1. Consider D551 against the criteria (1) open to solvent by 20 Å² or more (accessible area, probe 1.4 Å); (2) out of contact with any Phe, Trp or Tyr (no Cβ under 8 Å at 6 or more places or on another chain); (3) farther than 17 Å from L120 by Cβ: it satisfies all of them except one. Which criterion is unmet?
2. Restricting attention to segment 426-466, and to residues there that are aliphatic (A, V, I, L, M) and surrounded by fewer than 21 Cβ atoms within 10 Å (Cβ to Cβ), which single residue is farthest from the chain's Cα centre (by Cα)?
3. Filter segment 248-265 for residues that are open to solvent by 30 Å² or more (accessible area, probe 1.4 Å) and not basic (K, R); which is nearest to S311 (Cα to Cα)?
4. For segment 698-715, give me each residue that is more than 17 Å from E631 (Cα to Cα), open to solvent by less than 40 Å² (accessible area, probe 1.4 Å) and not acidic (D, E).
5. Quick check on this structure: which one of G497, G517, G502 is at pLDDT 95 or above and open to solvent by 10 Å² or more (accessible area, probe 1.4 Å)?
6. Within segment 215-233, is there a residue that is under 20 Å from A39 (Cβ atoms) and in a strand (DSSP E or B)?
7. It is to be established whether one or more residues within segment 378-386 are hydroxyl-bearing (S, T, Y) and open to solvent by 60 Å² or more (accessible area, probe 1.4 Å).
8. Residue check: is Y406 out of contact with any Leu (no Cβ under 9 Å at 6 or more places or on another chain) and among the aromatic types (F, W, Y)?
Amino acid sequence: MLKTDQTEALTQVSRPSRYLGGELGSICKLDAGIEVRMALAFPDVYEVGMSHIGFPILYNILNNLDWVAAERIYSPWGDMEQWLRDNQQPLCSLESSLPLGAFDIVGLTLQYELSYTNLLTMLDLAGVPLRREQRDADAPLIVVGGPCAFNPEPLADFIDVALIGDGEEAVVELVEMVRRGKRENWSRKQLLQKLAGCEGFYVPELFEVSYRPNGCVEQITPLVPGYDQVRRRFINDLETAPFPTQPIVPFMQTVHNRVAMEIARGCTRGCRFCQAGYIYRPVRERSPEKLRQLIATSLQSSGYEEVSLLSLSSGDYTCIEPLLKTLMDEYADDRVSVALPSLRVGSLTAELMEEVKKVRKSGFTLAPEAGSERLRELINKGISADDLLESTKNAYQLGWRLIKLYFMMGLPTETDADLQALIELAGQVKKSGKGTGGNDVNVAVSTFVPKPHTPFQWEGQIGIEETLRKQRLLRDGLRQKKLRFKYHGAEASFLEGVFARGDRRLSAVLERAVELGCRFDGWWECFDFDKWQQAFVDCDIDPAWYLRQRDEEEVLPWEHIDSGVPKKFFLRERHKAFAGAETLDCRYGVCHGCDVCDFDELRMRLIDGAKKDEPIPKTEADKEPSAAAPEQPTRVRLKLSKSGRARMVAHLEYLKMFQRAVRRAKLPVRFSQGFHPLPKISYLEALPMGVSSEAELIDLELSSCVPVGQIIEDINVQLPEGFKIIEGEVVPWKTSSPSAAVASSCYRVPLPEFVPEDLNDRITHFLHADQILVSRIKKGVEKQIDLRPDLLELSRIGAELQIQLVKGSPLQVAAHLLEVDVETVRRLGVRKTGITLKG
């Protein structure tokens, strides 16, 4: 198996922990019994991809199969991409450093249309031809999934398969089919035809698309009899669906760095703009008992300090109040907080807000979506201004100081009067907090983008100029009311709209945009609309044409993708929208005929409503709390080594990693007081990035005495590769902290191939000098620093420099002596070999 060593790159790129791998919970299978290797590829950076809940589910399912190895790959940031190209290196997996092109399957998730250029860039970096017809039999199978796969047409020329719907069972069928194809020596065409026979697998090459002279789709013709539509895959019962309880714990701070627990899937509120509300139907809830088991195991195996209860609308979960109360009570002593990221005005009861208050965050977030009652009725939001203001008033009275409001603009039939109503409503929210000690309001407004498989899939989207005009109107009005205003870039929303409802002809634009350098289009600092405009011109395509209103009789590019909800239902909902008619949530008993359920296996699965006022029963793992023993404050000093890939873990990442290891080891660590208690663990000053160490000190303050040998053993089991406790001892309670206790540190710097001829003279001069001034740029400002006062000893021992410092970094000293820059020294493999304690 071909592996690639790219460790040299880690000292030359920003945030190297994005590319380290080796995190606790990651799985690397190198044995010869592996028959299928699948890369789970996310077309965005590590910290974004690691926060996506679907990836760990599939990672866990696949790696539980003895004959499958699933590994992760994320989009490299620009500096890493440049390094790969400059050094002619392929994009590789985190687990085994296997090149992406060497996998049997590359599975990419499509969460956002503006990640499409990253997808193509990843294939290009792997040496995989972008277009399907250019790939040979040895190329990996390119499979996509996720919400954007419900209209995969802009990517149809690049992908082999799109998996439509829930992936838990379908991904197993996929790898089984690939294994069978390898064993029976199927051609690529045979494999694709076999997959087309499985529900949920869309094979673009088995459909032919023709267009009318006006540019609209004329016909989507299946090339295999009976393969007319691809029906979405469903997981019938979430209670029995697999869910990972050993999360991969990243070194770096990710977007959502916590236990993410899916409490329910699906939503039947029926907001007419919301694609997720239709493509994830029906609602399927996990039982509180099951959730408690999953959460307990996940917390123990990860050491996380927070649990997030996830669903499209967590407040609608049948037993949300008893579940939240039980979890908060259960983990209060462990300093674990519980978060509800998705709350809806209609689901906010006084009791629920009281529970949420216990884990008070900086802001309370609500999404009215539209400012006027008329527009909220049109989109079927189902909340009134009075409902919203009652909720915000309660939130302010319960102690929140900031309310965050999310709206859309550009909704169908919207006028400036609706935008004025938005401004007025936001102002009323601010007034609802008057006299409560704080009433800040942030207003975030995105541009409405019509999405496939919704009642608004036929609507037009406003263009860039109209978007900018509406943003100016809102900015001026909100500023007068002293409200903060945030908005999405008009050009980015425009591009999102083009690809959301795009067709196969856009593949040429995507390919050209990648050639022109488009990457990370969802990141404002990377988005270059001029390049996109050039790509559209070069391909002779008018992007604004894709934002037009569609005719109800028109063949839509995604017509052959069956989300489970038929077109006739969407049309009926569209007509009801313009009539101002409401569609009630079917979870309360009224079926509206969306045709998702078969009312047998596939149906709404809700927790018995009668149980929502009952306490959640204890699980078998629950133990009666023992009487609290009197504290025996103990201070333990540990010495830790840091080598290999661990040397590239930044200092703050190292601190968080160790805190979580101690939490997993269940050591009785004492905590600070206050609203945000922190474990009483103290460390040495930061080690320079890229420097390994044999002598890092850590002090633990424990509430009771634990044998040092047990502490070392328990923590070492929990540490990722590259970190190891070498020794430990109990020290007096009043002992100085590690940073205050160290008199000096000793470092060894391997000499490069070419060194200054006068190196020995330079060492002598350094030792006898009163002052050694060098320039250092910090935050863009050049400063002069004196290296001499902190140096105790300096010598050349064989092929290494030995440097002993009171404090500071050995990299600057070595760089000065060797006449190279600091980054060159960082790549030499500097190591800290020892410390001398004071007194």
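1. Every condition holds for D551 apart from (2).
2. I464
3. A260
4. Scanning segment 698-715 gives I698, V708, I711, I712, I715.
5. Just a single option satisfies the conditions, and that option is G517.
6. The answer is no; no qualifying residue exists.
7. no
8. no
The values are calculated or read from the model by the stated rules, or taken from the named source; none is laboratory data. Since the model is a prediction, treat every value here as computed from it, not as a measurement. Note that we place each Cβ from the backbone using ideal geometry, even for glycine, and neighbour counts take in every protein chain shown. Just the protein is used for accessible areas: all its heavy atoms, side chains included, with ligands, DNA and RNA removed. Shrake-Rupley method; radii C 1.70, N 1.55, O 1.52, S 1.80 Å.
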